[in-house]
Amino acid sequence: MRRLLPIIALASLAVAAGTRPKVRAITAFIDLDSKSETVQVEDAAKFLSGARDAFRAAGFDVETIRIVTQPFPRYTNGMKREEAVALLRKFDDLAGKLGFAANIGPAMLANGDSPAPLDLLAEILATTRINASLVTAGTDGIYWKNIREAARLIKKVAAHSPNGKGNLNFAATAMLKPQTPFFPGAYHLNSGHSFAIGLEGANVVTDVFAQYHDPVQAEERLAQALERPLKEAETIATKIAASSGWTYAGIDPTPAPLGEVSIGRAIENFTGAPFGSSGTMTAAGIITRAVQSVPVKRLGYAGLMVPVLEDNLLAKRWAEGTFNMDSLLAYSAVCATGLDTIPLPGDITEERLARILGDVAALAYKWQKPLAARLLPVPGKKAGDLADFGDSRMTPTVVR
C-alpha cells in the first residue's frame, strides 16, 4: 500500500471557524477471500487508521472506522455450518482487536434469493457485534418473499439475543445502492478496495435552524453551511485515494445525529414546537434538498435520518407520543428516514413485522428512493414499558 499523503499537508486543508461536524464513518469495502481473511482485513484496517489520522490532522473528529465485505453468502456458500460460523467469528474477533466495526452485507440481495443463509445470520447477529442486512425492494419491484424472511429473522434474533439487542445490527433496506458508509445497510458488489465517508452533521443543522426560520432562507443557509465541511471532507478523501491506491467511492451527506447531537433538536429549532408538530415535514424536506444540493460525489441515503434511539431528544419525544411510526413513514416521503431503531413489543408477530417492512419497501419503491427499517422487538416488554438495550449509543425509551 502506498503511503498516505503526509498528515501535515492535509492539516493545511482545515476548515475555518464555524460549526464542525464529526466524521461518523470512514468505511472500507473489501472483497473477502476466506483463505486470506486476516491479511485482507489487517490491510484494510491499516488503511483506515491512516485515513483517520489524515482527517484528524485536518481538524475533523472521527467517530468510527468500518469494514464491509461483499454479501456473505458469496463466500460462505458451500462451507459447512461450523466453518462459516468460525470464519465470521474470526472477522468479529479482528474487528475487536483492530478497532473497527464489521459488516457482512445482505443475506438476500435480489428477489428470489435463497433464504438459506438466514439461519447462519441469525446466529451471528445474536452472538457477535457484526452488522448485516437484507434487501426488500429494488428497481425491479418489491421483494415480498424477502420481506417475510426478514420478519422471521427479526423475531428469531430478538428471541436469542439479550433484550433483542442483536437486531440493532440488522436493517431491512429498500432501494439502497451499494457503498453507503452507514451501517447496518452498507454493502458493495464490486472488487472492493474502495472507501466512503459519512458525516455526523446534525449540529450544523441545529445551528442554522436556530438562526433562520423562513423556509427559503433556511434552505439556502443550510446548503451553504453544509457545503464547506462536505467539500473539505471530499478533498481530504480524494487526496487519501491518490496517495493510497484505494478508490474513493463518495460521501453520504446525510446529517446523522447521535446522542446530544440531535436532529430532533435541530428541527424543533426551526418549528418552535416538539418534533412531530406541524412544520416537521417542511423541515425534513428542507434538510433533504439542502443536502442533495451540495456538489460532492454523493451516495447512500443523502437525506435525513431519524433514528429514534440514537438521538436523545427523539427518544424523549417518542416516549411523549409527539410522533409515531406513521409520522416517520409520512416524513419518509420527503427524506430518507424510514423506520430506524423502533422499539416494539416482544410479542409482535412475524405477520405484523412483515406488514411494517412492506410499508417501508412500498414507499421506497413508489418514490425510487433509499429507505431502511431497523425494528427492535423487546422480549418480555409490552406497550408502555421501558426499552433499555444496555448500549451507550441507544437512549432508553418506551415501547409503542
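Laboratory data are not the source of any read-out in this text; all were calculated from the coordinates shown. Since the model is a prediction, treat every value here as computed from it, not as a measurement. All Cβ positions, glycine included, derive from the backbone under ideal geometry; neighbour counts span all protein chains shown.
Some notes on this structure:
- A Cβ distance below 6 Å, combined with a sequence gap of six or more or placement on separate chains, defines the contacts here; from segment 190-202, residues that are under 12 Å from W246 (Cβ atoms) reach residues that are of a type in the set (F, W, Y) and assigned to a strand (DSSP E or B) in the pairs G192/F29; S194/F29.
- Qualifying residues in segment 354-400 (those that are over 18 Å from T337 (Cα atoms) and of a type in the set (A, V, I, L, M)) - the one surrounded by the most Cβ atoms within 10 Å (Cβ to Cβ): A387
- Residues satisfying the stated conditions in segment 181-213, i.e. more than 17 Å from T337 (Cβ to Cβ), in a strand (DSSP E or B) and small (G, A, S): G192, S194, A196
- Number of the condition not met by L376 [criteria: (1) under 18 Å from the mean Cα position of the chain (by Cα); (2) assigned to a loop (DSSP other than H, G, I, E, B); (3) not polar (S, T, N, Q)]: (2)
- Candidates L304, L309 - the one that is buried (at least 23 other Cβ atoms within 10 Å of the Cβ), in contact with a helix residue (DSSP H, G or I) (Cβ under 8 Å, 6 or more places away or on another chain) and under 20 Å from Q217 (Cα atoms): L304
- Test: residue in segment 200-222 that is crowded, with 21+ Cβ neighbours inside 10 Å and touching an Asp or Glu at 6+ places or on another chain (Cβ under 7 Å): yes
- Qualifying residue in segment 75-94 (condition: outside any loop (DSSP other than H, G, I, E, B), surrounded by 21 or more Cβ atoms within 10 Å (Cβ to Cβ) and in contact with a Lys or Arg (Cβ under 6 Å, 6 or more places away or on another chain)): no
- Residue, nearest to the chain's Cα centre (by Cα), within segment 132-148, restricted to residues that are at negative phi and surrounded by fewer than 23 Cβ atoms within 10 Å (Cβ to Cβ): G138
- Any hit, segment 358-369, residues being in a loop (DSSP other than H, G, I, E, B) and either in contact with a Cys (Cβ under 6 Å, 6 or more places away or on another chain) or farther than 19 Å from S327 by Cα (or both): yes
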